[in-house]
Every structure is written in structure tokens, then in C-alpha cells.
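S.K.: Starting off with a structure, shown below.
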Amino acid sequence: MVFGEKKPIKPNTSSPVTNVIELNAEMNGTLSFKEPVDLRINGKYSGNLDVKGSLTVGGRACVEANITGDYVVIAGKVKGNVHATKLLTLMPTAVLIGDLHAPKLNIVEGAVFQGLCHMTLNDAPTGDWFNIKELAVYLEIEEGVIWELVRAGKIPFVQEGDHTKFERAQIDHWAATGASK
């Protein structure tokens with residue numbers, strides 16, 4: 001052989017094992033998972049879904065349920081409220097009738113969404129002020145970049161002794177007006 005002998009590929013033991021569960025039938029009731037799973041619904045489901053890990057509603061699925069999950073991907077039809085704690089993705093074939101709550105949202109062209117959208121900031125502090133670390137999470141940029149903006153006077157901040165603070169309202173206005181560029 002030109003490239004040598006083929007060796008068997010060993011499974012990656014450093015990543016956690018996720019349980020994959022596929023529902024290809026019609027079901028109703030409440031499904032609740034305390035441990036991370038990868039739940040895939042390809043049939044009809046009605047009730048409530050509470051998933052740790054990821055939930056995928058397949059392109060042919062029809063779901064009438066309130067959904068809670070870490071990562072939620074919808075490619076089929078969902079009637080109910082969706083709460084994604086990390087990311088919600090609506091694929092081009094998705095139809096979502098209901099309110100959504102998510103810190104990150106990806107709606108692909110072609111998806112249909114009817115309801116209210118609530119973008120939550122799970123990692124941001126609940127108060128009106130940020131420190132450097134909190135602001136980095138809020139803006140999703142590295143702390144070093146924020147320090148550069150502070151030194152150049154390009155971002156609103158308040159210096160209190162050794163502490164550099166950022167007011168949420170000023171940061172929101174600064175980002176919205178394009179001053180961050």
C-alpha cells in the first residue's frame with residue numbers, strides 16, 4: 001500500500017457520551033431528561049419536552065408542545081413555546097407558531113416564525129453595570145480587545161479606583177450606533 005496499513009480508529013474517549021434517542025412514531029405526554037441526550041423527533045408528538053442536551057425536530061415532524069432544551073434545531077412544524085438555553089436554530093423548512101426564548105437565535109431563510117421573540121442573556125449579569133470579564137461575555141469579544149478600546153477612549157467606561165466599569169445602557173447605545181467599529 002502506498003500510504004501504509006490502515007489502523008482501526010479508536011473512539012474519542014475524552015468527549016462525553018451522548019445518548020441518542022430517535023422518535024419515529026406518534027407519541028403524546030411529557031418527556032423530561034435530567035442527563036444530556038440527543039433527542040430527534042421525526043414523527044408526531046404532543047405534550048411537553050424538557051431536554052438537557054440537544055433536540056432536533058426533523059423536517060417531517062409535527063410537534064404540539066412547549067419545548068425546553070439547551071440546543072434546539074427545528075426543521076419541521078412546531079406549535080408551542082420554545083425555550084433554548086444555549087441556541088435555537090430554525091431551518092428553511094421550519095414552521096414555528098409560538099413564542100421563543102433564546103440567548104442565540106439562527107433563523108435560516110425560508111423558515112416561518114409567528115410569535116414573540118425574547119433574546120435572553122444567560123451569561124450577562126442582571127445589574128446595570130459590567131466589569132471587563134462580564135462585558136467580554138456580553139459583547140462576545142475577547143477581554144484584550146475591550147482593554148484596547150478603553151485605552152483608545154473608544155468605548156464608554158467609568159474608572160473607580162482600580163476598577164473599570166461599563167454601564168449597560170451606554171454600552172447598548174454605543175453598540176447600536178455603530179461606534180464599536
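Since every read-out is calculated from the coordinates, none of them should be taken as a lab result. Not measured: the values here are computed from a predicted model. Because the Cβ atoms are built from the backbone with ideal geometry, glycine has one as well, and the counts that use them run over all protein chains shown.
S.K.: Once phi is turned into ³J(HN,Hα) by the Karplus curve 6.51 cos²θ - 1.76 cosθ + 1.60 with θ = phi - 60°, what whole-Hz value does each residue of region 95-100 show in order, with x for glycine and proline?
M.R.: 10, 10, 10, x, 7, 10
S.K.: Amide H of residue 37 versus every other amide H placed in the peptide plane: which residues, excluding those fewer than 5 positions away on the same chain, fall under 5 Å?
M.R.: For residue 37, the qualifying residues are 52, 53, 54.
S.K.: Sum up the charges of everything whose Cβ sits under 15 Å from the Cβ of residue 73, counting Lys and Arg as +1 and Asp and Glu as -1, but leave residue 73 out.
M.R.: +2
S.K.: Using modelled backbone amide H atoms (1.01 Å from N, in-plane), which distant-in-sequence or interchain residues come within less than 5 Å of residue 113's amide H?
M.R.: Amide H neighbours of residue 113, under 5 Å, 5+ apart: 96.
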